[in-house]
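Here's the structure we're looking at; comments come further down.
Please treat every number below as a calculation from the coordinates, not as lab data. Keep in mind the model is a prediction, meaning the values are calculated, not measured. Here the Cβ positions follow ideal geometry from the backbone for every residue, glycine too, while neighbour counts run over all protein chains shown.
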Amino acid sequence: MFIRWHSVYIDAILGWEGWMAAARVRSHKHFQLDSAKLRRAQRMLRADTETEAIERALDIVIAEHERNRLTIEANDRFVTSGIDIKDSYRTLEK
């Protein structure tokens with residue numbers, strides 16, 4: 001199951017056009033990272049360098065956060081729209 005998900009995940013990442021945005025300002029940061037996790041992420045993201053792997057991972061996190069924010073906003077608009085939802089199967093009534 002993990003391998004199947006892994007393949008779909010990588011295909012989705014590689015198909016996204018704007019995922020490696022050019023950095024305007026670069027700064028040197030020093031982190032103590034688990035080298036096994038970093039190598040694994042580098043393979044999963046098909047990054048040539050460790051820096052590229054970290055940048056891609058950060059881009060994915062930022063994009064996921066934006067999707068979550070938009071989903072929450074859409075859900076809030078739906079809930080406050082005043083729409084009448086009918087329970088045809090009567091599973092919500094007690």
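Report note on the peptides 29-39, 54-64: ranked by the mean count of other C-beta atoms within 10 Å, highest first, their order is 54-64, 29-39. In this simple spin-label approximation, residue 71 and residue 34 carry label points 7 Å from Cα along the Cα→Cβ vector, and these lie 2.4 nm apart. FRET efficiency for the residue 89 to residue 61 pair, using the beta carbon distance and R₀ = 41 Å, is estimated at 0.60.
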